[in-house]
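**Student:** Sharing a structure below in structure tokens format, with a few things to ask.
The values are calculated or read from the model by the stated rules, or taken from the named source; none is laboratory data. Owing to the predicted nature of the structure, the values given are computational and were not obtained by experimental measurement. Here the Cβ positions follow ideal geometry from the backbone for every residue, glycine too, while neighbour counts run over all protein chains shown. SASA here: full protein model, heavy atoms, side chains in, ligands and nucleic acids out. Shrake-Rupley method; radii C 1.70, N 1.55, O 1.52, S 1.80 Å.
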Amino acid sequence: MDNTNYIALSRQMALWKQMDIVSNNMANMNTSGYKADDALFTSYLVQTPDAEGFGAEPLFFTEDFGSFQNFAEGALVHTGNTFDVAIKGDAFFCVETANGEKYTRKGQFSLDADGKLVTNDGAVVLSETNDPFFFAPGEKEITIAENGDVLTENGLIGRLKLAHFEDNQKLLKIAGTLFDNVEGNPVIYGSNQAIVAQGTVEKSNVEPISEMTKLINLQRSYEYVQQMIDEEHDRISNTISTYAELA
């Protein structure tokens, strides 16, 4: 395979990954608390042995540089549901999973069979004392204050544990709306001027029209590169056939 095809294939691989990311964003445009992703690419320069002298050019391959997470706040929508909670500001809910403490912006909570506050996936919502929230069967007047205090007619149960990170880009998206922190990324617990809103959910920050436009442009670019590969293949085949006829 010649250099032209190698370069084209590197571009196709990058486009394929970006299409996968955009498709996943679109699939989650209605997922509360979801944060959109985007791919980052760069040119990888290769100095070939023949790239010397007048008119010679190095080769530029497309390299997968990484991904960027968009942590912009999604639209806040009032639902009126007691256990729907949104965060206004830069913070995350802390939840306990089978793999330890994780973080999410999706505040669509509910009570399990034991009266414990959990996420839709069954992760335990944590208080600032790292204890779960339990509600008695007869407790009906449940209030979640702006500072995260959870109260019933019987008094204060606890305060929602909120986390704020030095660099959100270092967070690892491990499942949909669930994130994990990495070593060396300091975390601060507390409201950090964030406001908790009861009866409200944060919608996905995916912009459907923008993502659809991206997907169309990516598909066109992919088809263009494929066309270039096909034309290059035909050119080489015709060249070989011509030399064979002259031999």
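**Student:** Find out how many positive minus negative residues lie around Tyr34, taking Lys and Arg as positive, Asp and Glu as negative, among other residues whose Cβ is under 10 Å from that of Tyr34. Mind showing how you got there, number by number?
**Tutor:** On the way: positive: Lys35, Arg105, Lys106, Lys173, Lys203; negative: Asp37, Glu202.
Overall, the nearby charge balance is +3.
**Student:** Give me the net charge for the shell around Glu141: Cβ to Cβ below 15 angstrom, other residues only, Lys and Arg +1, Asp and Glu -1.
**Tutor:** Numbers: positive: Lys140; negative: Glu139, Asp149, Glu153.
Local charge sum for Glu141: -2.
**Student:** So if R0 is 22 Å, what FRET efficiency would Lys17 and Asn185 give, r being the distance between their Cβ atoms, rounded to the nearest 0.05?
**Tutor:** The formula returns an efficiency of 0.35 here.
**Student:** Report the trypsin sites (Lys or Arg not before Pro) located in the range 101-164 that are in a DSSP loop and have at most 13 other Cβ atoms inside 10 Å of their Cβ, or state none.
**Tutor:** In loop regions of the range 101-164 (DSSP not H, G, I, E or B), the sparsely surrounded trypsin sites (Lys or Arg not before Pro) are Lys140.
**Student:** Long-range amide H contacts for Tyr34: which residues qualify at under 5 Å (H placed 1.01 Å from N, peptide plane, sequence gap of 5 or more or a different chain)?
**Tutor:** Ser204, Asn205
**Student:** Per residue, how much accessible area does the range 64-208 have with a 1.4 Å probe, in Å²? List each step's numbers first, then the result.
**Tutor:** On the way: 7210 Å² over 145 residues.
So the range 64-208 comes to 50 Å² accessible per residue, rounded to a whole number.
**Student:** Please give the net charge around Asn70, taking every other residue with its beta carbon less than 14 angstrom from that of Asn70, where Lys and Arg add +1 and Asp and Glu add -1.
**Tutor:** -2
**Student:** With the calculation restricted to Cα positions, what are the radius of gyration and Dmax of the range 100-200 in angstrom?
**Tutor:** 14.2, 45
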